[in-house]
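One structure is given here, and the rest of the page talks about it.
All of the numbers you see were taken from the coordinates with simple rules; none came from a lab. Nothing here was measured: the structure is a model prediction, and the numbers come from that model. Reconstructed Cβ throughout: ideal geometry from the backbone, glycine too, with neighbour counts over all protein chains shown.
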Amino acid sequence: MCARYDWLFCCYILTNLFTFITMKNERKRPEIFERMGLTRKNLFIFAAGIISILLGYFSLAIGKTNDVWSLTIGPVLLVLGYVVLLPVALAYKDKSHHPEK
């Protein structure tokens, strides 16, 4: 029962990210994005990290114990998501983006 709510929460987060990414007007972005200097590129990278993590857990679930999916592909996707994409999404600063002061 708990896993169902986790999936619902992940879907909620992904739909909110998609909404923020596809917004046309930059002024409608929440104040937290302005203060942190986050742009659409950051949100694209963050969404790619979340998708990589979800695919990593999915590949761990579908593979057998000694299968290439559960021993190689799943851990590589998880490391890519947690260690590479999510930190890059938070640390990336767009040179063309200058927040108004």
- In what sequence, highest mean first, do 51-58, 69-76 appear when ranked by Cβ atoms within 10 angstrom? 51-58, 69-76
- Item | F58-L71 pseudo-label distance in nm [points 7 Å out on the Cα-to-Cβ vector] | 2.4
